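Colleague: Input: one structure, supplied below.
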Amino acid sequence: MSTATTNGLAARIEGGRRVYGQGDNEVRALDGITRDFPLGRFTAVMGPSGSGKSTLMQCMAGLDRLTEGETWIGDMQLTGMSESSVTRVRRDNVGFIFQAFNLVPTLNARENILLPLDIAGRKVDQEWFDKVVTDLRIADRLDHRPSELSGGQQQRVAAARAIASRPKIIFADEPTGQLDSRSSAEMLDVMRGAVDQFGQTIIMVTHDPGAARHADQVIFLNDGKVVDEMDDPTADAIFDRMKAMD
Amino acid sequence: MIVTQATRNLLSNKLRLFLTSLAIVLGVGFVTGAFVLGDTINKSFDDVFSADNSASAVQVRGKAVVSEQDRKAVPADVLDKVKAVDGVADATGTIMGQAQVVGPDGKAIGGQGPPTFGFNWVEGPTNPMHLVAGEAPRADDEVVLDKATAEKAKATVGGSVTVVTDVGPAKYRVSGIATFGQSGQTAGATLTFFTPATANRVFTSSGKFASIEVTTKAGVSDQALAERIGKVLPAGYEAVTTAQSAKEAVEGFQVFVDIFRNILLGFAGISLFVGAFIIFNAFQITIAQRGRQIGLLRAQGATSGQILGSVMLEAALVAVIASVVGVLFGIFVAWGLHALFNAIGAGLPEQSLVISPRSIIIGLAVGIVITLLSALGPAFRSSRVPPMAALHPMPDTRSRPWAAVVSGIVLVLGAVMFVWGTLGDMATAPRVVLMAGGGMLLFFGAAALTQYIARPLAYAIGGAFAWRGGRMPLRLGRRNAMRNPHRTAQTASALTIGVALVAAVSIFAASLQETFVGTLEKRLNADVIAFAQSPDGFSVAAEKSAEGVPQVTDVMVSRFVQFKRADGDTASVSGLDPAKVGAVYDAGVEDGTFAELTQPNTVAVSRDVADDLKLKVGDSLPMTFAQTGTAPRKVVAIFKDTTFGRYYMDNAQVTANSTRARDQAILANAAPGVSADQAQKAMETALKGYPSVKAYSKSGYLDFIGTQVNQTLLMFYMLLAMAVVIAVFGIILTLALSVFERTREIGMLRAVGLSRRGTRGMIRWEAVIVSLIGAVVGLVLGTFLGVIAVKAFPDLTAMRIPWLQMLAFIVFAALAGVLAAILPARRAAKLNVLEAIATE
């Protein structure tokens, strides 16, 4: 068993393997990944389609289970936990921003943002809430249903939902995938701001070099393995690295 | 393309197919079952009464002046006249009466519906019985029993059996056992044969016959002989061929079989009505879900006609599958009910099921037509989906304001039709049409209007559960119930129908109870009431046994006989003892006095009859009795309470006008110094020999009446409960579909930390709220229907709404919701979060 310390880490994966299918159909989505994600860092995960980047995120977030290896959120080891314990960890420590906005259509923006807190039965920190919605420029849209919001607004509500509960870590899966360039830029500024101002930890999966450049570090995945990493990346450098991988 | 599309859609969700079909399967099952069972019972009665069973060719009998059953007895000298007619080979007189066979345990054999007949054993070709053991009765204390009765009474040839006749119970030696006619079936009737002398004595026939059976000489037709005999008969008698009398007997039974069949068909109608709602609902929802897919087809060039065809084809497949299964289920229902009736002692003859093509065709046709009609609306809607729907999700259809007005008009129209049909004065056919049509419109209107109150109602009901902590699952469930009020209303309406019907019946039952038990409690003063346990009443000999009991006083017997009024209506007149009635029962005499009933040709009538016929004390009322013909009777009293009858005569006069006197009740008070309980016990002991009558204390009697009322309505409750069960399946269906529809949303909720338990709770709360909406609307409608139904029966003088029961229905509805949510909730909780999020 691992004796690795998780002090100062937001998340950790050790010897992570995720295999789908059997025999000839076997697909190794993750093929032995070990990685630490320090607190207060914005990490982008990149790689071509099928490189395992989404699987990595899902396994680390407790949405999917590793075939082999271990994951931690903070100092909580998800591997071996019961389904309901994992759900609780997710509820209390993890925020999500998905590609498709994933808001509950019957709840208005405010209710959607407060949903994880509500489910957990936790009180909202009003000051924090106000700051988040103001920063995300949705303070005047709080009483609207998702169907009455634009795509960018919906995604900002989703971001607010992830940030408002002050999770240990936010997982963002292609958060700008369905946004136009202006909305994308806004979204990434918000995420960057959350990291810089509030020390939020974010792991973002993306295939867009323009998005990934906002991160502190980019890690490159291919065939389920970490093949490279880049600190303080620029869009061009990322682009070149990606091209080299193809 | 269309065919593949339709079959794929159908098979892609087998749960939906199953749940959609279920209601139709049940409805069609009941339709087919009603016809198959009706045919089967009719066939068995045909066999029992078939002319083949009778060796005689012509029957001589009193004319049916009052009713088929109640005919004037034939004097002995008529037999000689008949015998002298040219062409008569043999003629025998039949003596007939009520003979209750008693089992070794002292309990009555038969008599719960099918008759208990006693006859004289006749020698020769007119006797329809075939001895299978022993011999004909020779001695005065010998009897022959039919085989089935002998088996039930555990009587063997040479053994003894107790039979209660008009002269009381007596032990007889079983000289023989016989079977009836060709088939040996008696349709549950018990047959006892005595020697002619004994039959004459025990049925107090004074030498008269119930009928004369005649056989013809070779070369004479039955019809010709019947005509010839008719010429020599005195007035008031007739000669008919046996074929004719057999036909009449069958028709008499057919009336009951038809009533029963119509009840079953009524429930089939209710099942199908609920089924139509569920099908409409299911198609509506799936088409809404498939909006994008349909839009895609349209974008690629499918015409709206092709879309319509595809949906209707899918409906047709459901229709055919469900109807075929339904017909098979119906045959099973018929078989099951047949067995059930025999298990509870109806004594239906053994008879293989009669499955006529008609039963199958009607079942199939009803199922297919209703399914297609229900799917038509959603299919049209689907054909109007624009190609643009492929690109944009369709907005929720907003209801148009005029729709509410139309629904309101439909509701009011339905209510008016129902009230008119129920309370109005008209023939049966338009009444049924108005009531059924009005009821349906009422439900349609209510179902359509429910969507306007579904949102506030869901909000209020959700709020009512706030004591549960107002936690997330409840709030989400409430939101879901409020999200699409149209669908919530539709889902709820299936339950609305079930709850409304159950509520209406319970109001009717409570009012019935209240009327009878309430009135009896007030007006019945007797300490002991001995009451008939069979519709045929009990032997008049019981009176003597009761009078001999020292612990009771004021013993008053009540017997009854049918008569015909001048306007042709048949009614029943009860006998009483004018000197004793006051001590045991207060009829609420408003005018005149019962004492004068001892005068010849007198009668007392109830206030409503008097008002109806505009009678005052001193006026005359012509009454026709089978035995004595028509005579005017002077009205000597007008009374208020109709619990025991609307016409009273002196017992002696009732007896004098009866062909066969039977008693209905014996009322008595405890003798001075004797407790009511002791009096009841003493009466019970004295009447031990008469299993068709049972002695009750006053409270025991009230309980008995209450139980009777409940038992009468039990079958209604059971069948209505089925409508509720179907409705629950409807809720399961809608929930399952909406879980499917919300896959992505549920996945997201799970991702942000809603536990499986919380997910199940959310679905459960939605189901509970939807069920309660249905129940609340159903209770309102049911109360309306029940109140109107009670008003339709002038006999029901008390109106009672059983609030506690109504409350119980609400609780049951909530439980039904919990139950309905089990499967869909489990499905929702088991959703794979990853796949759910990925679902487009």
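The numbers here are math on the coordinates, done by the rules we state, and not lab data. None of the values given here were measured: they were computed from a predicted structure. Cβ atoms come from the backbone with ideal geometry, glycine included; neighbour counts cover every protein chain shown.
Colleague: Run through every distinct alpha carbon pair of the protein assembly as shown and return the Kirkwood hydrodynamic radius in angstroms, one decimal place.
Modeller: 35.6
Colleague: Sticking with this structure for a sec: Roughly what angle does helix B:472-483 make with the longest principal axis of chain B, taking Cα atoms, 0 to 90 degrees, to the nearest 10?
Modeller: Once rounded, one gets 80 degrees.
Colleague: For region B:208-273, what is the convex hull volume of the alpha-carbon atoms per residue, in Å³?
Modeller: Hull volume over Cα atoms, normalised by residue count, gives 138 Å³.
Colleague: Can you pull out the trypsin sites (Lys or Arg not before Pro) in region A:1-74 that DSSP calls coil and that have at most 15 other Cβ atoms within 10 Å?
Modeller: Details: sites: A:Arg12, A:Arg17, A:Arg18, A:Arg28, A:Arg35, A:Arg41, A:Lys53, A:Arg65; in loops: A:Arg41, A:Arg65.
Answer by residue number: A:Arg65.
Colleague: Kirkwood Rh and Cα-based Rg: tell me the resulting Rg over Rh for region B:108-189, rounded to two decimals.
Modeller: Checking Rg against Rh, the ratio lands at 0.93.
Colleague: Another question about this same structure. Once the Cα atoms of chain B are picked out, what are the Rg and Dmax in Å?
Modeller: 32.9, 103
Colleague: Additional query: Tell me which aspartates and glutamates have Cα within less than 15 Å of B:Lys152's Cα, excluding those fewer than 8 residues away on the same chain?
Modeller: Cα-Cα hits under 15 Å: B:Asp105.
Colleague: Next up: Please report Rg (one decimal) and Dmax (integer) in Å for the Cα set of region A:22-177.
Modeller: 16.8, 55
Colleague: Please report the spacing between the Cα centers of region B:150-176 and region B:441-458 in Å, no decimals.
Modeller: 64
Colleague: Given region B:47-130, what count of lysine pairs have C-alpha atoms under 28 Å apart, with each pair 8 or more places apart or on different chains?
Modeller: 5
Colleague: Excluding residues fewer than 8 places away in the same chain, name every one of the aspartates and glutamates whose C-alpha is closer than 16 Å to that of B:Lys544.
Modeller: B:Asp166, B:Asp554, B:Asp577, B:Asp663, B:Glu684
Colleague: Output needed: percent of Cα pairs per 5 Å distance bin for region B:723-792, bins running from 0 to the one holding the longest distance.
Modeller: Going from the shortest bin to the longest, the percentages are 3, 14, 18, 19, 13, 11, 8, 6, 4, 3, 2, 0.
Colleague: How shielded is B:758-764 by partner chains, expressed as the average number of their Cβ atoms within 10 Å of its Cβ atoms?
Modeller: On the way: counts 4, 1, 0, 0, 0, 0, 0.
Other-chain Cβ atoms within 10 Å of each residue's Cβ, averaged: 1.
Colleague: Of the peptides A:125-135, B:96-106, how do they stack up when ordered by the mean number of other Cβ atoms within 10 Å, highest first?
Modeller: Those peptides, ordered most packed to least, come out B:96-106, A:125-135.
Colleague: Can you order the peptides B:672-679, A:19-26, B:646-653 by their average number of other Cβ atoms within 10 Å per residue, highest first?
Modeller: Output ranking for B:672-679, A:19-26, B:646-653: B:646-653, B:672-679, A:19-26.
Colleague: Which aspartates and glutamates, on any chain, are close to B:Lys217 with Cα under 19 Å apart, when same-chain ones fewer than 8 places away are left out?
Modeller: B:Asp52, B:Asp80, B:Asp86, B:Asp90, B:Glu123, B:Glu227
Colleague: So what's the projected area for region B:534-691, the Cα convex hull averaged over all directions, in nm²?
Modeller: Result: 9.3 nm².
Colleague: Just want to confirm a number: the relative contact order over region B:534-691, from Cα pairs under 8 angstrom separated by 6+ residues, in percent.
Modeller: 36
Colleague: Can you list the trypsin sites (Lys or Arg not before Pro) in region B:231-267 that are in a DSSP coil and have 16 or fewer other beta carbons within 10 angstrom?
Modeller: Details: sites: B:Lys231, B:Lys247, B:Arg261; in loops: none.
The qualifying sites: there are none.
Colleague: Per the Debye formula with a single identical scatterer at each Cα and no solvent contribution, what log10 I(q)/I(0) holds for region A:117-246 at q = 0.11, 0.15, 0.18 Å⁻¹?
Modeller: -0.44, -0.76, -1.02
Colleague: Here's a follow-up. Roughly how crowded by other chains is peptide A:109-118, in terms of the mean Cβ count from those chains within 10 Å of each of its Cβ atoms?
Modeller: 3
Colleague: Here's another thing I want to ask about it. How would you order B:369-375, A:55-61 from highest to lowest mean count of nearby Cβ atoms within 10 Å?
Modeller: In decreasing order of mean packing, B:369-375, A:55-61 become A:55-61, B:369-375.
Colleague: Among the listed pairs B:Lys614/B:Lys791; B:Lys247/B:Lys694; A:Lys123/A:Lys168; B:Lys171/B:Lys580; B:Lys154/B:Lys688, which have their C-alpha atoms separated by more than 27 angstrom in this model?
Modeller: Too far apart for the 27 Å limit: B:Lys247/B:Lys694; B:Lys171/B:Lys580.
Colleague: Rounded to the nearest 500, what is the 222 nm mean residue ellipticity of chain B from helices alone, with -39500 (n - 2.57) per DSSP H run of 4+ residues and division by all residues?
Modeller: Calculated mean residue ellipticity at 222 nm is -19000 deg cm²/dmol.
Colleague: Same structure again: Check each of the trypsin sites (Lys or Arg not before Pro) in region A:137-246 and keep only those in coil by DSSP with at most 15 other C-beta atoms within 10 angstrom; list them in order.
Modeller: On the way: sites: A:Arg137, A:Arg141, A:Arg156, A:Arg161, A:Lys168, A:Arg182, A:Arg192, A:Arg213, A:Lys225, A:Arg241, A:Lys243; in loops: A:Arg137, A:Lys168, A:Arg213.
Here the sparse-neighbourhood loop sites are A:Arg137.
Colleague: If you don't mind, there's one more thing I want to ask. For a quick check, take a GNM of chain A with Cα springs below 10 Å and name the residue from A:Ala162, A:Ala139, A:Ala11 with the largest mean-square fluctuation.
Modeller: So, out of A:Ala162, A:Ala139, A:Ala11, the one fluctuating most is A:Ala139.
Colleague: Report the Cα centroid-to-centroid distance between region B:29-48 and region B:301-341 in angstrom, as an integer.
Modeller: When both Cα centres are located, 23 Å separates them.
Colleague: Roughly what angle does helix A:181-198 make with the longest principal axis of chain A, taking Cα atoms, 0 to 90 degrees, to the nearest 10?
Modeller: It is inclined by approximately 80 degrees.
Colleague: So what's region B:49-252 giving for Cα Rg divided by 2.2 N^0.38 Å, two decimals?
Modeller: Ratio of Cα Rg to 2.2 N^0.38 Å: 1.00.
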